[in-house]
Amino acid sequence: MATGIETELLNLLSVFILAAGVGIVVAKVGNFPYTIALLLAGLAASVLGVQFGIELSHDIILLVLLPPLLFEGAATTDLEQFRRNLPSILALAVPGLVISVLILGVVGQAAFGFPLLIALLFASMILPTDPVSVLALFEELGAPERLATLVEGESLLNDGVGVVVFSALLALVNEAGQSGDIAFTTDLVVDVGLGIVVSSVGGTVVGLVAGYLVYRVMVNLDEHMTEIVLTAILAYGSFLLAEHYVGVSGVIATVVAGLFIGNKGAEYAMSPQTKISIFNTWETAAFIVNTFIFVAIGTATPVHQLLEHGRLILVAIVLVVVVRGVVVYPITALVNQFQSNPVSLDYQHVMVWGGLHGSIPIALVLGLPSTLPSGAPFPFREELRAMVFGVAAFSLIAQGLSMGRLLNGLGIVTRSPAAELYELLVGRARAVDSALEAAEELEAAGEVSTATYEGFTTEYEREKADLNSAIRELLDEHPEIRQQEVLAGERQVLQREKSAIMDATRSGVISDDVGNRLMEEVDLKLDRVHSGETTVSEHEEGYEEFWRTRAAAFGIAAAALDEDETDE
């Protein structure tokens, strides 16, 4: 009979056998989100009384499962897209969340019959949107890049704020005792607000420092297996360092570290082989963790408690969705007044309905103690547990399953078949280029004969020519894809220009004032690219750089543009 570690391994194996079965069914059926199918399978197992022997706890979710999911989600986020949408993301993730908690707490006091402090505690648990659920769903649906960045960015950041608010309110509940009543003085509100700011800023600093230290090691290292280990240390290390040693937000620290190493690190500190190895490893890790967490949430759902507290759950579902809308629409409208590229109303509808609640709320409610420090039972613990699980189940199933229909109904284009084909062709073209480089290195090192090398290159060069022809034909037939390719490529080229100018300024090749003028010009080009306008053209000069004006003033003929080169 299996005991100890063997039992745990058998339990894990049972979870993944169920997941594999779900995956096979989803692959056959198609057009059904894998993560939601896992959750439904877990719920079915819970209803049937099937137990996998794995208890989902607060620490397992926050310390074991969450860091890799946060890190992978942040590392694969386009930092430039994130930066462009940062005002909207920050407004919703910080003040937006705090306002939501206050509104739901005040309204919930009457609607649920709870003391104000308990209603606020419930709001702080359920309102943070869940990056685990959002990232998985949006990836499967192929949501537009900006919409995905807005929803995922808010989800990645507001969990750190949510955990801080929850911790502060939980401490107040422990202080208030079983009555759950406490006087909200000005000093108390200031202390909570200051705690949120310190935790958020502190988490950002820890994430930046940890990310930079790992980045500096990776810059001087070209060993992809070791670099995978370094990113794993960074994902868990930044979280634990921030949360348990510095006392700030581990969620924000991990997100910032992931953004740093996934963008700056990928550009300057990783070879092509290292990039492939690291991102493939984290994609696989995220898939495995997602598989476990969604099945575990389903099996851990207390179905009998959901039925017993059905009225409270229904009221909570309605209030959570309404409060989400009450906050998203006005805050986004306000931020839009200061943005050149406002968030459309259609996107706002998706942001309201796409604010899914899953693993984070469940981790927080599982962290509620059974008793207060005085030894008395924790007030309304069973009701809070049922409400959080009930709202999470509705959010993941009802909202998650209807997301695709909502996007189609609003006319928001997800990834088209042509776009998917383009990604396939470009991905294969990159693989062929890498294969040609590897063959050349092997031949130069004497590891393969010239005859073998020529056989490799003949085959791959033929395929490369066919791929280039297919890509050219696809772009001719779909000019919108060509435009996106041009803009994406131009963004990367302009970022390289900025890096070169910064290096030249730091090394003293050019003065600060000249460097600043050149940087301003690159930023102007980036602004045009962000608004969908290219600054390059095959047949004419798309942008007249200021160096031409200065050089022409000195009588340098080469600086002048010909008549047919101008875009006037």
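In this structure, is ALA148 in the same structural domain as VAL391 (by the TED database), modelled with pLDDT of 80 or more and open to solvent by less than 10 Å² (accessible area, probe 1.4 Å)?
No; evaluated as a whole, the condition is false for this residue.
What's the total number of residues in segment 309-347 that are among the hydroxyl-bearing types (Ser, Thr, Tyr), open to solvent by 70 Å² or more (accessible area, probe 1.4 Å) and in a helix (DSSP H, G or I)?
The number of residues fulfilling the criteria is 1.
Please verify whether ALA111 is more than 30 Å from VAL173 (Cα to Cα), part of a helix (DSSP H, G or I) and small (Gly, Ala, Ser), treating the condition exactly as stated.
no
Quick check on LEU97: is it outside any loop (DSSP other than H, G, I, E, B) and under 30 Å from PHE338 (Cβ atoms)?
Judged against the criteria, LEU97 is a match.
What is the residue count in segment 412-423 for residues that are charged (D, E, K, R) and in a loop (DSSP other than H, G, I, E, B)?
Of the residues in that region, 1 qualify.
Can you work out which of the residues in segment 348-386 that are polar (S, T, N, Q) and assigned to a helix (DSSP H, G or I) is surrounded by the most Cβ atoms within 10 Å (Cβ to Cβ)?
This residue is SER359.
Of these, LEU117, LEU121, LEU39, LEU70, which one is within 30 Å of VAL529 (Cβ to Cβ) and crowded, with 20+ Cβ neighbours inside 10 Å?
Exactly one residue qualifies, and that residue is LEU70.
Under 6 Å by Cβ, and 6 or more places apart or on different chains, what pairs join a residue from segment 326-337 that is within 17 Å of VAL101 (Cα to Cα) with one that is assigned to a helix (DSSP H, G or I) and of a type in the set (Gly, Ala, Ser)?
Between residues of segment 326-337 that are within 17 Å of VAL101 (Cα to Cα) and residues that are assigned to a helix (DSSP H, G or I) and of a type in the set (Gly, Ala, Ser), the close pairs are VAL327/GLY96; VAL327/SER100; ILE331/ALA91; ILE331/GLY96.
Filter segment 73-92 for residues that are over 13 Å from the mean Cα position of the chain (by Cα) and among the small types (Gly, Ala, Ser); which is surrounded by the most Cβ atoms within 10 Å (Cβ to Cβ)?
Checking each candidate, the answer is SER88.
One line per residue, one yes/no per condition, for (1) of a type in the set (Gly, Ala, Ser); (2) within 15 Å of PRO68 (Cβ to Cβ); (3) touching a residue at least 40 places away in the same chain (Cβ under 8 Å):
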{"residue": "ASP187", "(1), (2), (3)": "no, no, no"}
{"residue": "ASP191", "(1), (2), (3)": "no, no, no"}
{"residue": "ASN220", "(1), (2), (3)": "no, no, no"}
{"residue": "MET225", "(1), (2), (3)": "no, no, yes"}
{"residue": "ILE228", "(1), (2), (3)": "no, yes, yes"}
{"residue": "TYR236", "(1), (2), (3)": "no, yes, yes"}
{"residue": "LEU241", "(1), (2), (3)": "no, no, no"}
{"residue": "GLY258", "(1), (2), (3)": "yes, yes, yes"}
{"residue": "ILE261", "(1), (2), (3)": "no, yes, yes"}
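Kindly indicate the residue of segment 509-533 that is modelled with pLDDT of 75 or more, open to solvent by less than 60 Å² (accessible area, probe 1.4 Å) and outside any helix (DSSP H, G or I) and also farthest from LEU487 (Cα to Cα) among those meeting that condition.
Residue satisfying both the conditions and the ranking: SER511.
Do the conditions hold for GLY489, that is, is it assigned to a helix (DSSP H, G or I) and closer than 30 Å to ASN263 by Cβ?
yes
What residue, among those in segment 258-287 that are over 16 Å from LEU63 (Cα atoms) and of a type in the set (A, V, I, L, M), is most open to solvent (accessible area, probe 1.4 Å)?
ILE276
Which one is most open to solvent (accessible area, probe 1.4 Å), of the residues in segment 479-507 that are among the basic types (Lys, Arg) and free of Cβ contacts under 8 Å to residues at least 60 places away in the same chain?
Out of the qualifying residues, it is ARG506.
Quick check on my filter: what residues within segment 295-331 are modelled with pLDDT of 95 or more and either touching a strand residue (DSSP E or B) at 6+ places or on another chain (Cβ under 8 Å) or of a type in the set (Ser, Thr, Tyr) (or both)?
Listed by number, the list holds a single entry, TYR329.
Just wondering, is there one or more residues in segment 390-411 that are surrounded by 15 or more Cβ atoms within 10 Å (Cβ to Cβ), more than 23 Å from the chain's Cα centre (by Cα), in contact (Cβ under 8 Å) with a residue 60 or more places away in the chain and in a helix (DSSP H, G or I)?
There is at least one residue in segment 390-411 that is surrounded by 15 or more Cβ atoms within 10 Å (Cβ to Cβ), more than 23 Å from the chain's Cα centre (by Cα), in contact (Cβ under 8 Å) with a residue 60 or more places away in the chain and in a helix (DSSP H, G or I).
What are the residues in segment 289-307 that are of a type outside the set (Ser, Thr, Tyr), over 12 Å from ARG385 (Cα atoms) and in contact (Cβ under 8 Å) with a residue 24 or more places away in the chain, if any?
Residues satisfying the conditions are VAL289, ASN290, PHE292, ILE293, PHE294, VAL295, ALA296, ILE297, GLY298.
The values are calculated or read from the model by the stated rules, or taken from the named source; none is laboratory data. Just so you know, these numbers come straight off a predicted model, no measurement behind them. Cβ sites come from the backbone with ideal geometry, for glycine too, and all protein chains shown count toward neighbours. Accessible surface is based on the protein model in full, side chains and every heavy atom, while ligands, DNA and RNA are left aside. Shrake-Rupley method; radii C 1.70, N 1.55, O 1.52, S 1.80 Å.
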